[in-house]
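Here's the structure, in structure tokens; my notes come after.
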Amino acid sequence: MNSHVVRISLPLIVLCLFYGVIYYVPSISPANAQAVSGIEQTREILDLSRKNLRENKAQDALALTEKLHQAYPQNHIYIEQLANIYHILERYKEEAESWELYLKLSPTPVEACPQIGEAYRRQGLIQETLNACQRCLTMDEKNVDSLFYLALAYERSNQLDKAAEFYERAVQLYPPYPDTRIGLARVLLRQGKAAKAEEIISKVYEQSPNNVDCLLVFGMTRRLAGKLDEAKKYLQHGIELSATYTDFYVVLGGIAEQEGDIAGAIKYYDRVLELAPENRDIATRRRRLNGEGA
């Protein structure tokens, strides 16, 4: 499943947020008074940080931002910059810790959402992800992104009733939002409510025929309805749009198995394992089809 809802480009955020510190310079920490000596040096550090980020030198940008954070430990702008750079570096533990500190110090803590939940999710911390998403929703109960991410966290933890509840709330709050309707259809499909799922996803498809998540769920509903050729059409179109989206190959492999096309199924599963070698279920299925046993 791809995450398509965050409407924020994290590298862009990092670049854009640097300007703010020029106008917001709190009292420097006495213990670090020698680290950054005044606004002129701060500007020099910011300029160099920007240059490093433009050149994709996130590690160098991190060192400079850490220097600023040490000098101004209460400055939430630097903390946000740290969190975003940690994300770029895939250091999700430090990213989550930075967002937690941001929540304590920022006058607008909701700006940590949904990134804080995603930072925990990328560490595989299910309960921490749920807790973070719940806190985000508490800060703004009418935030459709917060509703979506909490629903998604429940779905990923297999709490399908809860997931459906929050997807439905999000749909009611803002019906045009396709991701919430796709999520609801996907959960309904997993609950065995295929007809209701197809009713929802077919309407999304009419509005967004090139939405890859929609194509995946629509293909799955068509497969369950026994319309395998239609299912393959939607799934193949999804691959044309997103060739690295592994779920398309998983479902197509399953259809190939249904049709007795073992070579075709193995081909699809090989592609899954090429993209996601850690997928044990597909590895086991592929070995079984190849006569290698479990």
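Provide a single number: the residues in segment 260-278 that are among the small types (Gly, Ala, Ser) and outside any loop (DSSP other than H, G, I, E, B).
The number of residues fulfilling the criteria is 3.
Residues to consider are Glu257, Glu240; find the one that is assigned to a helix (DSSP H, G or I), modelled with pLDDT of 95 or more and surrounded by 13 or more Cβ atoms within 10 Å (Cβ to Cβ). Spell out how you get there, then give the answer.
On the way: Glu240 fails: surrounded by 13 or more Cβ atoms within 10 Å (Cβ to Cβ).
None of the other options fit; the residue is Glu257.
So, Tyr177, is that one over 26 Å from Leu137 (Cα atoms), in contact (Cβ under 8 Å) with a residue 12 or more places away in the chain and out of contact with any His (no Cβ under 9 Å at 6 or more places or on another chain) or not?
On the way: over 26 Å from Leu137 (Cα atoms): no; in contact (Cβ under 8 Å) with a residue 12 or more places away in the chain: yes; out of contact with any His (no Cβ under 9 Å at 6 or more places or on another chain): yes.
Criteria not met by Tyr177.
Determine whether Arg280 is more than 28 Å from the chain's Cα centre (by Cα) and either loosely packed, with under 15 Cβ neighbours inside 10 Å or within 14 Å of Ala231 (Cβ to Cβ) (or both).
Details: more than 28 Å from the chain's Cα centre (by Cα): no; either loosely packed, with under 15 Cβ neighbours inside 10 Å or within 14 Å of Ala231 (Cβ to Cβ) (or both): yes.
For Arg280, the condition - more than 28 Å from the chain's Cα centre (by Cα) and either loosely packed, with under 15 Cβ neighbours inside 10 Å or within 14 Å of Ala231 (Cβ to Cβ) (or both) - is not met.
Could you identify the single residue in Lys93, Lys142, Lys104, Lys67 that is surrounded by fewer than 20 Cβ atoms within 10 Å (Cβ to Cβ), outside any helix (DSSP H, G or I) and out of contact with any Asp or Glu (no Cβ under 9 Å at 6 or more places or on another chain)?
Values: Lys93 fails: outside any helix (DSSP H, G or I); Lys104 fails: outside any helix (DSSP H, G or I); Lys67 fails: outside any helix (DSSP H, G or I).
Among Lys93, Lys142, Lys104, Lys67, only Lys142 is surrounded by fewer than 20 Cβ atoms within 10 Å (Cβ to Cβ), outside any helix (DSSP H, G or I) and out of contact with any Asp or Glu (no Cβ under 9 Å at 6 or more places or on another chain).
Filter segment 205-243 for residues that are under 23 Å from Pro176 (Cα atoms) and of a type in the set (Val, Ile, Thr) and give the result.
Within segment 205-243, Val212, Val217, Thr221 qualify.
So, Gln74, is that one touching a Phe, Trp or Tyr at 6+ places or on another chain (Cβ under 6 Å) and assigned to a loop (DSSP other than H, G, I, E, B) or not? Step through it out loud before you land on a result.
On the way: touching a Phe, Trp or Tyr at 6+ places or on another chain (Cβ under 6 Å): no; assigned to a loop (DSSP other than H, G, I, E, B): yes.
It is false that Gln74 is touching a Phe, Trp or Tyr at 6+ places or on another chain (Cβ under 6 Å) and assigned to a loop (DSSP other than H, G, I, E, B).
For residues in segment 97-130 being out of contact with any helix residue (DSSP H, G or I) (no Cβ under 8 Å at 6 or more places or on another chain) and polar (S, T, N, Q), which is nearest to Ala163 (Cα to Cα)?
Gln127
Testing Gln258 on (1) touching a Gly at 6+ places or on another chain (Cβ under 8 Å); (2) of a type outside the set (Lys, Arg); (3) under 19 Å from Thr221 (Cα atoms), one condition comes back false. Which one is that?
All conditions are met except number (1).
The values are calculated or read from the model by the stated rules, or taken from the named source; none is laboratory data. The shown structure was predicted, so the numbers you read here are calculated from the model rather than taken from an experiment. Positions of Cβ are generated from backbone atoms using ideal geometry, with glycine treated the same way; all protein chains shown enter the neighbour counts.
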